[in-house]
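Each remark here refers to the structure printed beneath this line.
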Amino acid sequence: MVKILAVRLGTVLLGWTLVLPTVAMAADPVAVVTEIRAEGGQVEVKRVGESAWGAAQPLQALRAGDQIRAGGAARAAVVFTGGRGAQSVSSANSPFTVQPPAAAASGDKLRGLVGGVTDFLSGKQKDLAYLPLSVRNVRPPRVVQLAPRDTKILPGAVAFEWSGSDTLRYRVRVLSAQGLLWEQADLPRRPVAYPASAPALQPGVRYLWQLETTGQPVQQTEFEILAPGDAARVRESLGILVPASLPGYPDSSVAIMRAGYLLRDGLYAEARRELLAAQAKDPDEPTLHLLLGQVYETTGLTDLAQREYVDARDLSARR
């Protein structure tokens with residue numbers, strides 16, 4: 001009797017070991033929401049097996065069988081994992097049931113790059129429900145270093161950026177382990193480039209740059225220039241993540257993927273620059289604000305991160 005029970009128990013356990021991987025695989029994301037245009041309508045998602053619709057969120061991961069719909073003039077964009085393309089959603093094709101296309105991006109390098117970035121983005125959704133109603137104020141802008149800030153950067157010209165009052169004057173210093181490399185005083189609040197006349201900045205070296213102004217403590221943060229091999233890899237990848245290589249992907253989705261790639265690899269200053277350029281072209285895309293908020297949060301700029309998160313939340317839900 002004991003032997004029979006043991007055999008039956010073993011059979012049950014074996015069955016579960018066969019079923020569990022299938023369940024886990026079925027639950028894996030197959031797409032991510034990269035764009036939400038909620039003006040004049042609303043974009044909503046219904047999970048497979050559920051009856052209620054909920055407001056779509058920037059970078060929301062979607063699984064096979066989930067549905068997404070856009071009402072009125074609203075629309076959305078979905079990017080599939082594994083380099084399997086993008087899908088636009090509007091009232092004309094709503095509700096759209098999420099099923100990954102069979103075809104993937106041509107070329108192993110493109111497929112691997114797009115798939116890796118999409119997987120990264122699918123894990124970057126943030127709960128925006130508990131943010132404050134507003135983080136805007138009329139106080140003078142806080143003096144704070146913006147970029148480069150605790151980041152790796154690509155070789156080339158280095159520009160130092162900070163926020164603060166336009167009535168103040170600032171001093172910038174750049175130091176290495178060997179001491180002071182360059183400084184300049186009486187600067188207005190605008191980006192300043194590291195000059196060609198100063199000692200050349202070397203790849204793989206951690207540099208410190210300081211910001212000083214009247215009545216404020218000296219601020220400092222670090223940056224590092226990528227080694228030539230790593231820089232070549234990044235530039236090659238960015239050369240692939242362009243609209244010409246990704247037909248059918250909306251422009252802002254391509255910018256989001258480029259920024260996601262840079263954010264994933266710790267190039268926060270480069271990701272910030274990419275996102276600011278994309279926002280200038282598409283200021284109402286909430287995912288651009290969400291990712292920029294994550295850049296700021298990662299680099300310790302929590303006030304700026306909160307502003308971007310609030311913008312992402314409000315743009316996602318507006319009608």
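The values are calculated or read from the model by the stated rules, or taken from the named source; none is laboratory data. Predicted, not measured: the structure shown is a model, and the values here were computed from it. We place every Cβ from the backbone using ideal geometry, glycine too, and count neighbours over all the protein chains shown.
Which residue is surrounded by the most Cβ atoms within 10 Å (Cβ to Cβ), if the candidates are limited to region 273-295 and must be touching a strand residue (DSSP E or B) at 6+ places or on another chain (Cβ under 9 Å) and over 21 Å from Thr118 (Cβ atoms)? Residue satisfying both the conditions and the ranking: Arg273. All of Tyr249, Tyr268 fail the test of being under 17 Å from Leu154 (Cα atoms) and among the aromatic types (Phe, Trp, Tyr), apart from Tyr268. All of (1) within 23 Å of Asp284 (Cα to Cα); (2) at pLDDT 85 or above; (3) not hydrophobic (A, V, I, L, M, F, W, C) hold for Pro132 with one exception: (2). Among the residues of region 297-310, those that are surrounded by fewer than 22 Cβ atoms within 10 Å (Cβ to Cβ) and in a helix (DSSP H, G or I) comprise Glu297, Thr298, Thr302, Asp303, Leu304, Ala305, Gln306, Arg307, Val310. For region 60-79, a residue qualifies if it is of a type outside the set (Gly, Ala, Ser) and more than 11 Å from Arg47 (Cβ to Cβ), and the qualifying residues are Arg69, Arg75, Val78, Val79. For region 230-267, the tally of residues that are more than 18 Å from Ala76 (Cβ to Cβ) and either in a loop (DSSP other than H, G, I, E, B) or under 11 Å from the mean Cα position of the chain (by Cα) (or both) stands at 12.
Val48 meets all of the listed conditions (1) at pLDDT below 95; (2) under 22 Å from the mean Cα position of the chain (by Cα) but one, namely (2).
Residues that are among the aliphatic types (A, V, I, L, M), at negative phi and without any contact (Cβ under 8 Å) to a residue 24 or more places away in the chain do occur in region 47-65, at least one of them.
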